[in-house]
Structures are given as structure tokens and as C-alpha cells.
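Structure record follows, encoded as C-alpha cells.
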Amino acid sequence: MNIFRFQNPEMLYFWVLIPVLVLLFWYAEKRKKQALQKFGDWNVIIRLMPNLSKTRPIFKFAFIMLALFFLILALSQPQFGSKLREVKRQGVEIMIALDVSNSMLSEDITPNRLSASKRAISKLVDKLRNDKIGLIVFAGDAYVQVPITTDYRATKMFLKTITTNVVPKQGTNIASAIELAAKSFTAEEGKTKAIIIITDGEDHEQKAIEAAKLAKEQAIRVYTIGMGGTKPMPIPMEEGSNEFKKDMNGSIVMSKLNEQILKQIALESDGVYVRANNSNAGLDLIFDEIDALDKMELESSIFDDYEDRFQYLLAIVLFILVFDFFILERKNKLTKNINLFD
């Protein structure tokens, strides 16, 4: 089985030069024709220049553009991986469930609860080496944002796009986040699995406690991080706004951290609860706890023995340029009766 890739995919952006050059060529040819028409009727001028070819310059230019196309393709260094190799690492599987409800915009943690959470997750990802990580967002419902993976760069990329608008239904349904996270791990038994819930805990139902108990039965530990303070804070209408959400009576809606439920979730699943503050979002402590757990063998498949294939493309470029070299822009005695291009 082979897999194809580009070593330098950024070079493909230079393909945008081709349509630009085509437009410039068309404009230059148009200006040239307009300049010649100033000397008289175009049909008369053509008869006065019997060796002038209208199509040869176009064909020559087309060959140059074709050569440029293959040259850019060659510079991107296409490669084929011809060998699939199983890589075994020692690590754990971690699913992070991030609360994106509106209350996470409260600013009792700088700059707000959600931004501080995203920053902490990004730093955690930077620490990972052999572990697998996945990302879930939740409010009234829960959704997988990043499936369990070792692609840390993709995880950070998707993390940047998370806002309170990614989940249409508002609320703080911690139970659905735990249940979805538990289903998102790989199916093999005996693997060390952990769920990290990052939320302000404004879930007043007992379903989250039951979900944590079920997770424990599946040998999954649930860790919780409380974002915010116990002092009620207003909820901005949007990030950075000075306007705050109001209830039906016109009173400003206030939000505060519900530590009790987060402590219970962690307790029921042999996890740990940490309360975040401005200097520490709590992920470092929890990561140290997870890192101390028994590591398991994580397998992933990668292709290696990649072989370059740009040489064939350069050969095509050379052939096109040589062929183009022998095409004259003007007719001559040897080729004037050959209508290959006219």
C-alpha cells in the first residue's frame, strides 16, 4: 500500500502565478495588435508580413505555462511512502470536554473563563509526547470537536476556532459531555483513559454524578476543573462586550462557580478536582496526576521510506522547454507551408 504526500506543499501556492501570467500575455498581445492597427487595416498588414504567425506565439506561451506548472509541482517534492510501519508508544488517552456555554464568558478569570481554558489546553497539548488526545465541546448538548488522535497540531488548530457559538443549544449538560467522551476512546480494553471536564459547573442535575459512576465502571477517571469564582459575575452578551445578559424581568444574569457538583464528579470516578485562578488554570496539576497513572501501549500506523518523484517532473519540464525552443514565433522557408499551428 502506498501513500502520496508533498514534502513542500506551500510551493503549490505559486500556481496562482499561471492565471496572472495568462492575463498579462493576453493584454500584451492585445496592445501589440492595437499598435499595428494604427498603421492601417489589419488584413492589409497581415499580407505585408507573410511570415507572421498568429498562433505560434500563443502555442509557445502555452508550452512555457505548462512547463511552469510542472516545475512548481516538482518544487513541492511529491513523494510516495511505500512502507507501513506500526509505532508503539507508552502513553494514556485523554478526552478534554470544554464548556462553551455563555457563562464561560464571565471575566472573573482574565481575560474570561473560556479564553483562559483554551490557553491552558494549548499549553497542555505542548506537553504531550506519546499520549492521545481528543476534544469535546458542550453546553446544552455535547459534540466531538477533535476525535482521539496524536495529531497535536490539528488539535491546537481546532482549539483556536472554539467560541460560545459552536454549540447551538445553551445550558451546561456535563452528563452528556462525560457520556460522549466515554464513547470516544478507542475500543481496546486495558488502556488508561481519562476525561478532563473544564467548566464553571452550572449544572444543577444529578445526571452528571451518575455519568461519572458509569465512567468509573469502564475504568475511566474523570477529572474536573472549576473555572471562575464563588462570587456571582455578570455574563457579557459577547466576548469583550460591556453589555450583559438579562433575564425576562430585565435583571442582569449572574454566574458563579458550582464547586460542589465538580467535586462529586471527581470523587465518584477516582479523579481529582482543581479550582482554576488567574495564575493557574489547574491543568498542570491534573496532567501530573494523569502522567503518574500506568502507561499503556498505544499503536499508530505511519508510512515511512518516502521516495522522491520530482525527477520525473523535471524531465517533463526539460522536454517541454526543448520542444518549445524549436518552435519559432515566425514562419520560415522550411516551415511556412506546414500548418501545424495555423
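All told, K207 falls short of being assigned by TED's automatic domain parsing to the domain that holds N258, among the charged types (D, E, K, R) and more than 12 Å from I265 (Cβ to Cβ).
The listed residues are K207, K213, and the only one of them that is over 25 Å from L114 (Cα atoms) and either touching a helix residue (DSSP H, G or I) at 6+ places or on another chain (Cβ under 6 Å) or surrounded by fewer than 18 Cβ atoms within 10 Å (Cβ to Cβ) (or both) turns out to be K213. Report, by residue number, each residue of the stretch 231-252 that is in contact (Cβ under 8 Å) with a residue 12 or more places away in the chain and within 27 Å of A208 (Cα to Cα). Answer for the stretch 231-252, where residues must be in contact (Cβ under 8 Å) with a residue 12 or more places away in the chain and within 27 Å of A208 (Cα to Cα): K231, P232, M233, P234, I235, P236, K245.
For I261, the conditions (1) part of a loop (DSSP other than H, G, I, E, B); (2) modelled with pLDDT of 90 or more; (3) over 32 Å from the mean Cα position of the chain (by Cα) all hold with the exception of (1). Within the stretch 214-228, can one find any residue that is at pLDDT below 90 and not acidic (D, E)? Looking through the stretch 214-228, at least one residue is at pLDDT below 90 and not acidic (D, E).
Of all residues in the stretch 58-82, exactly one satisfies the criterion of being surrounded by fewer than 18 Cβ atoms within 10 Å (Cβ to Cβ) and part of a loop (DSSP other than H, G, I, E, B), namely Q77.
You will find that of R221, R153, the residue that is charged (D, E, K, R) and touching a strand residue (DSSP E or B) at 6+ places or on another chain (Cβ under 9 Å) is R221 and no other. From G201, G228, which residue is touching a Lys or Arg at 6+ places or on another chain (Cβ under 7 Å) and buried (at least 21 other Cβ atoms within 10 Å of the Cβ)? After ruling out the rest, the residue left standing is G228.
Anything in the stretch 217-249 that is outside any loop (DSSP other than H, G, I, E, B) and under 30 Å from I290 (Cα atoms)? List them, or say none. Across the stretch 217-249, the qualifying residues are E217, I220, R221, V222, Y223, T224, I225, G226.
Selection within the stretch 231-273: residues that are crowded, with 16+ Cβ neighbours inside 10 Å and polar (S, T, N, Q). The member of this set that is farthest from T164 (Cα to Cα) is S269. None of F303, F287, F341 is at pLDDT below 90, in contact with a Leu (Cβ under 7 Å, 6 or more places away or on another chain) and either closer than 30 Å to Q206 by Cα or in a loop (DSSP other than H, G, I, E, B) (or both) except F287.
If you go through the stretch 253-275 and pick out every residue that is among the aliphatic types (A, V, I, L, M), touching a residue at least 40 places away in the same chain (Cβ under 8 Å) and out of contact with any helix residue (DSSP H, G or I) (no Cβ under 7 Å at 6 or more places or on another chain), you end up with 3.
So that you can scan it fast, the table gives a plain yes or no per residue for (1) among the hydrophobic types (A, V, I, L, M, F, W, C); (2) free of Cβ contacts under 8 Å to residues at least 40 places away in the same chain; (3) not assigned by TED's automatic domain parsing to the domain that holds F287:
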{"site": "N102", "(1), (2), (3)": "no, no, no"}
{"site": "S117", "(1), (2), (3)": "no, no, no"}
{"site": "S122", "(1), (2), (3)": "no, yes, no"}
{"site": "V125", "(1), (2), (3)": "yes, yes, no"}
{"site": "L128", "(1), (2), (3)": "yes, yes, no"}
{"site": "L135", "(1), (2), (3)": "yes, no, no"}
{"site": "D141", "(1), (2), (3)": "no, yes, no"}
{"site": "V144", "(1), (2), (3)": "yes, no, no"}
{"site": "M157", "(1), (2), (3)": "yes, yes, no"}
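Looking only at residues that are more than 15 Å from E238 (Cα to Cα) and in a loop (DSSP other than H, G, I, E, B) in the stretch 162-178, which one is nearest to the chain's Cα centre (by Cα)? Only one residue tops the list, namely K169.
The values are calculated or read from the model by the stated rules, or taken from the named source; none is laboratory data. Just so it is clear, the model here is predicted, and its values are computed rather than measured. Note that we place each Cβ from the backbone using ideal geometry, even for glycine, and neighbour counts take in every protein chain shown.
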